[in-house]
Amino acid sequence: RSLTDLFGILGSRRDTDAAATADSSVANVTEASYPTKAMQKFIASLQPIENPLLLDLGPVVGSNVTFFGEHLGCRFRVEDIAHDIDRHVKAGTLDQLPDFFSKRFSQEPGTVDGILCWDVLDYLDRPAAQALATALSRLLRPDGCLLGFFSTADQREAVYTKYVVVDEQALRYRTYPASRPRQRSLLNGDIIKLFKDLRVTDSFLMKSKVREMLFRKPAPRT
């Protein structure tokens, strides 16, 4: 499990070293920059919160940690889900992913302000995706936000995407090898069912064939 927090949570040196290795491993792979419409809204939803806790489900990207620290003054925690998927592929234990994700996170329920889900659900079958989505929904505090990316492309390439935030309106995509290809594209209805405890506040279909969706956890009625 990758764990990094340069704004208040102690991380392991081993994971930082692994992140450096990952950065070097993608130096010569595909890289492109694309506009984003949901990122600005995601950041705006967290700005009113003092010292928010942000959970990133991608690999460690140092510039992202810096970007969100400067814009939000946040505590930043990284949990590399792609690494978990690769480990289960290599061990031949993909059928255990639903149970694994149900116990994956150590944070108390209702304590995370924002989640960068990126496109990790694209690499999971329905039971594992549901288990992960349920665990993430549980982690969010009331009014907390989750940003998810979902591919609409037909290709089932065995590559992950590392998302590097350029600014609030642009992302740089870097691909690197994956042990498992993308699974079938999720339809809007499928995605909404996965996050049945959250509500969709924004959805954008980008020219990059990525659907950006912003979810918010409803506050309890008083």
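Structural remarks
- Residue in the range 105-116 that is touching a helix residue (DSSP H, G or I) at 6+ places or on another chain (Cβ under 7 Å) and of a type in the set (F, W, Y) present: yes
- For first residues located in the range 189-201 and touching a residue at least 40 places away in the same chain (Cβ under 8 Å), partners that are open to solvent by less than 20 Å² (accessible area, probe 1.4 Å) and among the hydroxyl-bearing types (S, T, Y) and lie 6+ apart or on another chain with Cβ distances below 7 Å form the pairs F195/S137; D197/S137; L198/S137.
- For the range 136-186, a tally of residues being under 22 Å from P98 (Cβ atoms), open to solvent by less than 40 Å² (accessible area, probe 1.4 Å) and polar (S, T, N, Q) returns 3.
- Among residues of the range 31-57 that are farther than 23 Å from F105 by Cα, those with a beta-carbon under 7 Å from a residue that is open to solvent by 10 Å² or more (accessible area, probe 1.4 Å) and aromatic (F, W, Y) at least six positions away or on a different chain give the pairs E31/Y173; A32/Y173; Y34/Y173; K37/F204; A38/F204.
- Checked against (1) crowded, with 17+ Cβ neighbours inside 10 Å; (2) part of a helix (DSSP H, G or I); (3) at pLDDT 90 or above, V60 meets all criteria but (2).
The values are calculated or read from the model by the stated rules, or taken from the named source; none is laboratory data. Note that the structure is a prediction, hence the values are computed from the model and not measured. Methodologically, a virtual Cβ is constructed for each residue, glycine included, from the backbone with ideal geometry; neighbour enumeration extends over all protein chains shown. For accessibility, only protein heavy atoms count, side chains too; no ligands or nucleic acids. Shrake-Rupley method; radii C 1.70, N 1.55, O 1.52, S 1.80 Å.
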